[in-house]
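Below is one structure, written out as structure tokens; comments come after it.
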Amino acid sequence: MEILDGKKISNQIKDEIAVEVTQLKERGEKVPHLAAVLVGNDGASLTYVGSKVRSCKKIGFESTLIHLPEETTEDELLSQVAALNSNADIDGYIVQLPLPEHIDEQKVLMAVDPDKDVDGFHPTNFGKMALDMKSFIPATPFGIMELLRRYDVDTEGKHTVVIGRSHIVGRPISILMSQKGKAANSTVTLTHSRTKDIKELTLQADIIVSALGVPNFLKADMVKEGVAIIDVGITRVPDETRERGYYITGDVDFEAVSKKASYITPVPGGVGPMTIAMLLKNTLLARERHQSTNN
Ligand code: GUN
């Protein structure tokens with residue numbers, strides 16, 4: 001069994017990006033600038049956005065955090081999005097999800113300039129991705145693909161079972177892994193809450209991508225020997241014995257499933273850090289694309 005070490009690989013990717021940033025600076029060129037919009041004070045979102053901004057600093061990107069109060073109206077948020085669209089210094093930005101319930105998420109995501117949509121959530125980017133065109137690929141599935149590529153996990157002709165059909169992970173990863181190319185060419189089954197017998201399907205899987213958010217969902221009796229496991233779940237479980245008051249766990253019973261697996265991602269330290277690295281990669285790409293259209 002080999003651990004797919006997302007922390008290690010994400011550090012490699014960040015180092016590679018940092019080298020490019022140093023070269024840009026040496027040539028006196030603009031460094032990439034990422035902005036993040038956060039509405040409200042959701043604990044997990046605060047952690048993610050904080051981590052994204054810290055990573056920017058570490059690799060030499062400019063970053064801007066726009067933290068708006070929970071009561072922000074949809075119109076106010078749309079004005080903020082319009083301002084980011086027209087700010088030439090910003091190469092890419094994200095609107096952290098989930099948004100408060102009084103704001104229409106789709107309306108906001110539709111308002112983001114697709115050329116600055118480093119999350120890859122705009123329909124233009126999602127559509128291009130599905131059609132094998134150049135686009136921004138959502139950071140979490142992009143991170144999964146990169147992890148599979150860098151560990152040379154054989155996916156060609158293999159049966160991949162994805163658990164969960166979210167727009168952020170399940171749906172896009174099912175598209176990407178069925179496409180042509182490295183870490184792809186897989187036969188994909190996308191399962192969800194209305195799937196009749198998930199276990200029957202996971203037992204046939206060579207690769208399982210679980211993006212459900214239910215701790216201990218995937219147990220050892222649901223997988224076959226030699227399976228490769230990608231655990232995308234990140235759940236905070238209350239625990240008063242810990243200083244933070246919670247611990248983080250994935251969807252997979254790691255202890256038992258790892259004994260049968262050929263590869264497995266830990267939580268934390270697997271897919272999570274890869275997501276941030278790929279967001280930075282997308283921001284670097286956004287800068288390159290803007291520079292080539294401006295010059
Ligand atoms: N919420 C959970 N994952 C993500 C992500 O990748 N991007 C944004 N913007 N919000 C999220």
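The values are calculated or read from the model by the stated rules, or taken from the named source; none is laboratory data. Predicted model only: the values in this text are computed from it and were never measured. Heads up, the Cβs are rebuilt from the backbone with ideal geometry, glycines too, and the neighbour counts pull from every protein chain shown.
Remarks
- In region 83-103, residue farthest from the ligand (Cβ to nearest atom) [restricted to those that are loosely packed, with under 13 Cβ neighbours inside 10 Å and part of a helix (DSSP H, G or I)]: Ser86
Here is a yes/no grid of residues against (1) part of a strand (DSSP E or B); (2) farther than 23 Å from Ala36 by Cα; (3) touching a Ser or Thr at 6+ places or on another chain (Cβ under 6 Å):
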residue: Leu201; (1), (2), (3): no, yes, yes
residue: Ala205; (1), (2), (3): no, yes, no
residue: Pro215; (1), (2), (3): no, yes, yes
residue: Arg236; (1), (2), (3): yes, no, no
residue: Tyr247; (1), (2), (3): yes, yes, no
residue: Lys259; (1), (2), (3): no, yes, no
residue: Lys281; (1), (2), (3): no, no, no
residue: Arg287; (1), (2), (3): no, no, no
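- A single entry from Lys30, Lys52, Lys57, Lys25 fulfils the requirement of being surrounded by 14 or more Cβ atoms within 10 Å (Cβ to Cβ), outside any loop (DSSP other than H, G, I, E, B) and among the basic types (Lys, Arg): Lys52.
- Of residues in region 116-138 being among the aliphatic types (A, V, I, L, M) and either outside any helix (DSSP H, G or I) or closer than 13 Å to Met278 by Cα (or both), the one nearest to the ligand (Cβ to nearest atom): Val118
- Given (1) within 13 Å of the ligand (Cβ to nearest atom); (2) of a type outside the set (D, E, K, R); (3) at pLDDT 95 or above, number of the condition Ala44 does not satisfy: (3)
- Of all residues in region 197-230, those satisfying the criterion of being in contact with a helix residue (DSSP H, G or I) (Cβ under 7 Å, 6 or more places away or on another chain) and of a type outside the set (S, T, N, Q) are Lys199, Leu203, Ile208, Val209, Ala211, Leu218, Lys219, Ala220, Met222, Val223, Ile229, Ile230.
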